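The structure appears right after this line, and notes come after that.
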Amino acid sequence: MNRLTPILAARRKAVVAAKRAVPVEALRDRLPLAPAFRDFGGTLKAPGLGVIAEVKRRSPSAGELAAEADAGVTARRYADAGAAAISVLTEPDHFGGALEDLEIVRDAQTAPVLRKDFVVDPYQIVEARAAGADAVLLIVAALGAALPDYLGRAAEAGLDALVEVHDEAELRVALDAGARIVGVNNRNLTDLRVDLAVCEQLLPHIPPETVKVAESGIFAGADAGRMAAAGADAVLVGTSLMTAENPGALIAEFRAQGDSARRSPLESEAA
């Protein structure tokens, strides 16, 4: 069974409840008061391998990671260590997150903030921007042919969109829809296994002007280097950072190994 199916069903129910509590018109009224936009995509295009460090308390594949983690403290540590952006899981049932975590992270540090959730309704896009997000995750496996509409709605709300794909067919959907930032997820949605070769197969097919993000399976510097060598501009890392004794040192290792892998042979010789 596709592991997305029950999660998406639960998120649809949650959106219905959220709309009853706060109608979309009320959310739109809040948008002029939202914090100033921080350039998520532009930050990831800066020289060197960017690290999108994730605040994630648990996951379906790894179970409990850091159930009592303080979202603000965690994010500030990431940013102080050089993370290019912060990803915040806001899905409650499988990942232990909440929209309030995003608001806390936004106020705690100055890096761009990604709302990582399972978007199934345009309401969630407006909700993300009202809470202070700079970018939102859009999953092709969840949205399919509706992706162009969701990309347009994200742009209207003043958000960047990280469009997630798992295979060549989904990548084509993302590129045809005009995605500016594409994340290739190394995790199989059926059995949750991770294979870094997925990024190695798909990243070379993404145009150079598109921001390329490698997702899942990055645990050590060598993994980040491998993704950078395949063409990634950034890596999105959650589990290994949430469980690391020294996440700052791990972020430094990801960046160093990634930068080394991205150098040309002549640059490496000179260094």
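At-a-glance table
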| read-out | value |
| --- | --- |
| Selection from region 59-74 of residues that are free of Cβ contacts under 8 Å to residues at least 60 places away in the same chain and more than 24 Å from Arg187 (Cα to Cα) | Glu68, Asp70, Ala71, Gly72, Val73 |
| Residue that is nearest to Ser216 (Cα to Cα), among those in region 46-56 that are of a type outside the set (A, V, I, L, M, F, W, C) and under 15 Å from the mean Cα position of the chain (by Cα) | Glu54 |
| Filtered residues of region 15-29 (kept if touching a residue at least 60 places away in the same chain (Cβ under 8 Å) and small (Gly, Ala, Ser)) | Ala18 |
| Scan of region 125-169 for residues that are assigned to a loop (DSSP other than H, G, I, E, B) and within 17 Å of Phe40 (Cβ to Cβ), ordered by number | Ala131, Gly132, Ala133, Asp134, Gly158, Leu159 |
| Test: residue in region 182-194 that is more than 23 Å from Ser260 (Cβ to Cβ), touching a helix residue (DSSP H, G or I) at 6+ places or on another chain (Cβ under 6 Å) and either surrounded by 21 or more Cβ atoms within 10 Å (Cβ to Cβ) or in contact (Cβ under 8 Å) with a residue 24 or more places away in the chain (or both) | yes |
| Answer from Ala214, Ala234, Ala244, Ala169 - the residue that is free of Cβ contacts under 8 Å to residues at least 24 places away in the same chain, under 27 Å from Gln124 (Cβ atoms) and hydrophobic (A, V, I, L, M, F, W, C) | Ala169 |
| Looking only at region 217-237, and only at residues there that are surrounded by 23 or more Cβ atoms within 10 Å (Cβ to Cβ) and under 21 Å from Ala161 (Cβ atoms), the one that is farthest from the chain's Cα centre (by Cα) | Met227 |
| Candidate set from region 27-57 (those that are over 29 Å from Glu209 (Cβ atoms) and surrounded by 12 or more Cβ atoms within 10 Å (Cβ to Cβ)); member that is modelled with the lowest pLDDT | Arg57 |
| Output for region 76-117, where each listed residue is under 16 Å from the mean Cα position of the chain (by Cα), assigned to a helix (DSSP H, G or I) and closer than 18 Å to Asn246 by Cα | Tyr78, Ala79 |
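The values are calculated or read from the model by the stated rules, or taken from the named source; none is laboratory data. Treat the numbers as computed from the prediction; the structure is a model and nothing was measured. Every residue, glycine among them, receives a Cβ derived from its backbone with ideal geometry; neighbour counts consider all protein chains shown.
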